[in-house]
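Working notes for the structure below.
The values are calculated or read from the model by the stated rules, or taken from the named source; none is laboratory data. As the structure is a computational prediction, the values presented were derived from the model and not from experiment. Calculation scope for accessible area: heavy atoms of the full protein, side chains included, ligands and nucleic acids excluded. Shrake-Rupley method; radii C 1.70, N 1.55, O 1.52, S 1.80 Å.
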Amino acid sequence: MATGLVWAIGSLALVISALVARQLPMKDWVKMALAWVAIFGLVFLVIRTWQAVT
């Protein structure tokens with residue numbers, strides 16, 4: 001549980017730092033943030049499904 005939380009916070013920090021470094025307008029920032037949420041959500045679902053199958 002704690003390891004997963006650390007991983008999630010670290011991943012979120014990487015995404016936020018990448019978005020901030022690009023100095024995008026807020027509209028593009030939100031669009032890219034939603035894309036990252038979708039990517040992490042899909043990876044989470046794939047891993048969860050893989051664990052349920054095996």
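Surface analysis of the chain yields an accessible area of 88 Å² per residue, using protein heavy atoms and a 1.4 Å probe. In the chain, the longest principal axis of the Cα atoms and the axis of helix 2-21 are about 20 degrees apart.
Out of the total accessible area of the chain (probe 1.4 Å, heavy atoms of protein only), what percent is carbon and sulfur? The nonpolar share, carbon plus sulfur, comes to 78 percent. Set against the labelled values (1) 4.1; (2) 7.7; (3) 3.2, mean projected area of the Cα convex hull in nm² computed from this structure falls on (1). With angles folded into 0 to 90 degrees, how steeply does helix 26-53 sit against the dominant principal axis of the chain? Use alpha carbons for both and round to 10. The angle comes out near 10 degrees.
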